[in-house]
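The values are calculated or read from the model by the stated rules, or taken from the named source; none is laboratory data. Predicted, not measured: the structure shown is a model, and the values here were computed from it. Ideal geometry is used to build each Cβ from the backbone, glycine not excepted, and the neighbour counts take in all protein chains shown.
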Amino acid sequence: MVVVLDTVNGPAARHPEKAHRPDQPAPKKPDWIRVKAPVSRGYAETHAIMRANGLHTVCEEAGCPNIGECWDKKHATFMIMGDTCTRACAFCNVKTGLPGALDPDEPQHVGEATERLGLAHIVVTSVDRDDLADGGAAHFAATIRAIRAHCPTTTIEVLTPDFLRKEGALEVVVAARPAVFNHNLETVPSRYLTVRPGARYFHSIRLLQRVKELDPQMFTKSGIMVGLGEERNEILQVMDDLRSADVDFLTIGQYLQPTRKHHAVVRYVPPDEFKALETIAYAKGFSMVAASPLTRSSHHAGEDFARLKAARFRA
């Protein structure tokens, strides 16, 4: 996929590849999707720390509905390697285009911000950087090392891109020894062409499987969205595929449409269906499952990591 940037007629659109698409329907959100506006003191303090360190967060860039709750507790998910992604997924609100050069001081800034926030558990994610030879793997590793230098007891969770056609990149990240390696499948295989066209479903499954081969003790995690037109039996097959890769932790949340140019919400899945999927996932052997309309990969990540460790000890 090629993204064309207009540098003549003013600033580029946030999603230039979607600009001329017809508007998609945007059904009214049900009551169970409602969240409070972020106005707390804790939110303001977290925002100030992010700006002071010149950092990006997926909480802001992806328009996460849980930002008010998480930032009030000074929990934030750092998004490294800039704010511009080389992919153009139909569900994602992160800016698309040609990214700038990596900031060599960013790992140090993330370490400093982690210390200031006093985080016991930190999640680090990134934009896709298909323009880099290693997909940004070395930058991930440098960030992990910087966090450990500032906060030796903080546990680190990474949420990585797929490193498609980046030989050796995964090994670099795993060698840095994050506590949790997360890579999201996002949706069922039949929806990839329209929802996640730059990715390959079975490559992502293999990526997660390879993590366990490299380090059998490392926790692995993946997540999907529902409401994109998938069928129930397809969700159950994704569960089986993830268990075949020995993935420990599954998250399932409702897809929310960022703008009318993004993929439409086909259906709002009611809370009782999420509960049923959670029950099935546990029966299939996952150590930890988070499934609710507002579940996101990094939501309650610290508490969930503690429960994940406890589940392993009980096994």
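Quick one: in region 263-279, of everything that is free of Cβ contacts under 8 Å to residues at least 60 places away in the same chain and of a type in the set (A, V, I, L, M), which residue is surrounded by the fewest Cβ atoms within 10 Å (Cβ to Cβ)? Spell out the reasoning first.
Residues of region 263-279 free of Cβ contacts under 8 Å to residues at least 60 places away in the same chain: 266-267, 269, 272-279.
Those left that are additionally of a type in the set (A, V, I, L, M): 266, 269, 276-277.
Numbers: 266: 15, 269: 25, 276: 13, 277: 22.
My answer is 276.
Exactly one condition in (1) surrounded by fewer than 18 Cβ atoms within 10 Å (Cβ to Cβ); (2) closer than 16 Å to residue 85 by Cβ; (3) of a type in the set (A, V, I, L, M) is not met by residue 149; state its number.
Going through the list (1) surrounded by fewer than 18 Cβ atoms within 10 Å (Cβ to Cβ); (2) closer than 16 Å to residue 85 by Cβ; (3) of a type in the set (A, V, I, L, M), residue 149 breaks only (2).
Kindly indicate whether any position in region 185-200 is within 30 Å of residue 313 (Cβ to Cβ) and hydroxyl-bearing (Ser, Thr, Tyr).
The answer is no; no qualifying residue exists.
Just the residues that are surrounded by fewer than 16 Cβ atoms within 10 Å (Cβ to Cβ) and either in contact (Cβ under 8 Å) with a residue 60 or more places away in the chain or within 20 Å of residue 88 (Cβ to Cβ) (or both), please, taken from region 201-243.
203
Hey, among the residues in region 157-192 that are among the acidic types (Asp, Glu) and part of a loop (DSSP other than H, G, I, E, B), which one's nearest to the chain's Cα centre (by Cα)?
Among them, the one singled out is 162.
Could you tell me whether region 9-26 includes any residue that is modelled with pLDDT of 75 or more, in contact with a helix residue (DSSP H, G or I) (Cβ under 9 Å, 6 or more places away or on another chain) and assigned to a loop (DSSP other than H, G, I, E, B)?
Looking for residues that are modelled with pLDDT of 75 or more, in contact with a helix residue (DSSP H, G or I) (Cβ under 9 Å, 6 or more places away or on another chain) and assigned to a loop (DSSP other than H, G, I, E, B), one finds none in region 9-26, hence no.
Cβ-Cβ below 8 Å, separation at least six or inter-chain, first residue in region 80-93 and within 23 Å of residue 109 (Cβ to Cβ), second of a type in the set (Phe, Trp, Tyr) and not in a strand (DSSP E or B): which pairs?
If the second residue must be of a type in the set (Phe, Trp, Tyr) and not in a strand (DSSP E or B), the pairs left are 80/140.
I'm trying to understand the selection: among the residues of region 137-156, which are over 19 Å from the mean Cα position of the chain (by Cα) and over 18 Å from residue 55 (Cβ atoms)?
Listed by number, the residues that qualify are 152, 153.
In the list 135, 111, 100, which residue meets the criterion of being touching a Lys or Arg at 6+ places or on another chain (Cβ under 9 Å), farther than 25 Å from residue 256 by Cα and in a loop (DSSP other than H, G, I, E, B)?
135
When only residues in region 71-93 that are among the hydroxyl-bearing types (Ser, Thr, Tyr) and assigned to a strand (DSSP E or B) count, which is modelled with the highest pLDDT?
84
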